[in-house]
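Below: one structure, written as structure tokens.
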Amino acid sequence: QVQLVESGGGLVQAGGSLRLFCAASGNIFSINVMAWYRQAPGKQRELVATITRRGITNYGDSVKGRFTISRDNAKNIVYLQMNSLKPEDTAVYYCNAVADSRSYWGQGTQVTVSS
């Protein structure tokens with residue numbers, strides 16, 4: 001079992017920045033890939049970014065060049081640095097971990113970008 005807890009969401013003006021945190025606990029040594037997803041009201045959940053244990057990253061097209069995912073394996077934390085935020089980035093952001101072929105989710109953290 002893996003437990004994930006997100007934090008760092010909030011309200012920010014367009015053009016601003018936020019940093020999200022995802023703390024992992026439990027069977028962390030089995031985690032291969034961690035990711036951030038988001039879901040806006042009335043829309044499907046979409047991939048924001050992924051990072052492997054070795055630090056290989058991948059981003060959704062809508063956030064490339066603005067968001068950066070990173071991980072601290074010693075602290076078991078994954079970060080999402082979000083810059084140049086836009087109103088369309090408003091969503092609930094979820095942390096995800098894949099471990100032993102199982103997918104785990106956090107409870108989500110709200111990010112609201114005002115225009």
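The values are calculated or read from the model by the stated rules, or taken from the named source; none is laboratory data. Worth saying up front: this structure is predicted, and the values here are computed from it rather than measured. Here the Cβ positions follow ideal geometry from the backbone for every residue, glycine too, while neighbour counts run over all protein chains shown. What goes into the accessible areas is simple: the full protein's heavy atoms, side chains included, and nothing from ligands, DNA or RNA. Shrake-Rupley method; radii C 1.70, N 1.55, O 1.52, S 1.80 Å.
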- Message: Suppose the Debye formula is applied to equal point scatterers at every Cα of the chain; what is log10 I(q)/I(0) at q = 0.13, 0.20 Å⁻¹?
- Response: -0.44, -1.02
- Task: Quote to one decimal, in nm, the extra length available between Ser103 and Asn83 on full extension: 0.36 nm per residue of separation minus the C-alpha distance between them.
- Result: 4.5 nm
- Message: Can you compute the label reach from Ala14? Point 7 Å from Cα along the Cβ direction, backbone N cut-off under 15 Å, restricted to region 46-84.
- Response: 84
- Message: Using a 7 Å offset from Cα along Cα-Cβ at Ala23, what residues in region 51-85 end up with backbone N under 14 Å from the label point?
- Response: 75-79
- Proximal lysines relative to Lys43, as straight alpha-carbon distance under 26 Å, when same-chain residues fewer than 8 apart are discounted: Lys64, Lys86
- Between region 1-22 and region 49-74, what is the C-alpha centre distance in whole Å? 14
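Over the chain, average the accessible area per residue using a 1.4 Å probe and give it in Å², no decimals. Write down the numbers at each step before the final one.
Details: 6130 Å² over 115 residues.
Heavy-atom SASA per residue in the chain reads 53 Å².
Let's see if you can work this out: charge +1 on each Lys and Arg Cβ, -1 on each Asp and Glu Cβ, no other charges. What is the dipole magnitude of the chain about its Cα centre, in debye to the nearest 20? Working shown, then result.
Details: 12 positive and 7 negative charges, 33 e Å.
So the magnitude is around 160 debye.
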- Query: FRET efficiency for Thr112 and Val5, Cβ-Cβ distance as r, R0 = 25 Å, nearest 0.05?
  - Reply: 0.80
- GNM, the chain, Cα, under 10 Å: largest mean-square fluctuation among Gln44, Gln81, Gln13? Gln44
